[in-house]
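This report refers to the structure that appears directly beneath it.
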Amino acid sequence: MSKTISERARELARRAGLADVSRPVLVAGLLLMVVAISFAAVRWWPSESDGVYLASAQEVPGASLEEDSVDELVESESIETSRVPELPESVAVHVVGAVLRPGVYDVLLGQRVSDAVAAAGGLLGTAAQEGVNLARVVVDGEQIRIPTQDELVAGGAPTVADTPASAAQSPSPSAAGSSAGSALIDVNRATQAELETLPGVGPSTAKAIIDDRQENGPFLATEDLMRVTGIGEAKFAAIEDLVTLQ
């Protein structure tokens, strides 16, 4: 017959050397042990909140979503940046006339006619540099013609160096008729377009003539034109017979 619970308890107490301890004291000791074990279990057992706190950021759905959003934003900004068109760093110009090596040259964006002439080897000794605006900024695809002194005097050398090729304009029929016919150009009354029909006179020189007569009064003699910036003896000799004063 199996032992009863009381018998088993007395046997365990005897083995533990507690056979002489009274039952109430033994029961009280057991109760204290149970309470201590329960308290320890509640105090040290990890809760669900502890598990959430110990979870890594990679296991939290919100964290991965934020990282994905940042990656997408960086990628989209990189794509938008790559779509920005790049400005050309150089332009091609055709340099002809009285230069050492006529031809097509690439010059940096924003450089001037003087830089294009330097790329072509520089001016020849026969070049009429007063017949071209060396300070003008070049444009892509234009032709820069440097006349010789003989061409400037003869008035037979067309020049496009005073204006970009894209902005060059033909003189009006009335102005062309004044230059080609018997009528002379009145430098005290002529418009800028009429002055530009004179050989070797571009927009900048024509404007300088108008500015001079407005600031200093009308020209009293045709030789007074040589006081205008851009008109030297050679250019004056080319236009002397084509101008008049009134």
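Taken together, the values in this text are just the output of simple stated rules run on the coordinates, not laboratory data. Fair warning: this is a prediction, and the values are worked out from it, not measured in the lab. Reconstructed Cβ throughout: ideal geometry from the backbone, glycine too, with neighbour counts over all protein chains shown.
A compact table of results
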item	result
Distant-in-sequence amide H partners of Ile146 (H built 1.01 Å from N, under 5 Å)	Val96, Gly97, Ala98
5 angstrom amide H check on Thr244, placed H, neighbours 5+ away	Ile185, Asp186, Val187
Net charge, Val93 excluded, C-beta distance under 9 Å - Lys, Arg +1, Asp, Glu -1	-3
Calculated on alpha-carbon atoms, Rg and Dmax of segment 173-244 in Å	11.0, 30
Phi-based couplings in Hz for segment 115-129 (Karplus 6.51, -1.76, 1.60; Gly and Pro marked x)	5, 5, 5, 4, 5, 8, x, x, 6, 7, x, 8, 6, 9, 5
